Each structure stands twice: as structure tokens, then as C-alpha cells.
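Quick notes on the structure that follows.
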Amino acid sequence: MQDKEKIIRRLKSIEGHIRGIQKMVEEDKYCIDIIKQILAVKSAVDKVSALILKSHLESCVTKAIKSNKQPEKERVIAELLDVFETSGKI
């Protein structure tokens, strides 16, 4: 994975934000402030997901599409469709 270190840094940052949100809840902070932090975490997770998808497209999917193996091409396309259907993006 090309961006492995970048992904790990982002995940560690997200982990810290989650702990911060937990502390906010424990301290009965203002609900809207908590929701704003949750939305920021959701956005950060989406960015990590995009980085991982980019890496997958540039490596595994590209390799499968360039191969002469039709079942492999169909498999990676089906995987991508499944991920997008599951995420509600299609």
C-alpha cells in the first residue's frame, strides 16, 4: 500500500479524536459541540477510505484489469460495485 504511513497517521489522529469525543460525553459537554466533533471524525474516516480505495485502484484493480484473466477482472469489478452499493454511493 503506497500511502500506508499517511493512512496510519490519519487513523491515529482519528483515534485521538474519538477519545476526545468520549471525554466530552463523560464531561457532559454541549451536545452540538459533540456532534460537530463526530462529523469531523466521519469526514476524516471518509478521507482514509478514499486513500485506501485509491491505493486499491492503482494496484490490485489495475493489475486485474490488465491481466488476461476475465474471471479476475469480473471479480474486482464486482468487489467495487459491492463496496459502493454497501456504502450507499450508487
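The values are calculated or read from the model by the stated rules, or taken from the named source; none is laboratory data. Predicted, not measured: the structure shown is a model, and the values here were computed from it. Cβ atoms come from the backbone with ideal geometry, glycine included; neighbour counts cover every protein chain shown.
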- Condition broken by residue 7, with the remaining ones in (1) without any contact (Cβ under 8 Å) to a residue 40 or more places away in the chain; (2) within 21 Å of the chain's Cα centre (by Cα) satisfied: (1)
- Item | Criterion (among the hydrophobic types (A, V, I, L, M, F, W, C), at pLDDT 95 or above and within 21 Å of the chain's Cα centre (by Cα)) met by exactly one of 25, 41 | 41
- Could you check, for the range 19-36, whether at least one of its residues is without any contact (Cβ under 8 Å) to a residue 60 or more places away in the chain and either within 23 Å of residue 4 (Cα to Cα) or touching a Leu at 6+ places or on another chain (Cβ under 9 Å) (or both)? yes
- Query: If residue 60 satisfies every condition in (1) part of a loop (DSSP other than H, G, I, E, B); (2) at pLDDT below 95 but one, which is the exception?
  - Reply: (1)
- Note on the structure: Flagged pairs (Cβ under 8 angstrom, 6 or more apart or on separate chains; first in the range 39-53, within 10 Å of residue 10 (Cα to Cα); second among the hydroxyl-bearing types (Ser, Thr, Tyr) and part of a helix (DSSP H, G or I)) are 44/13
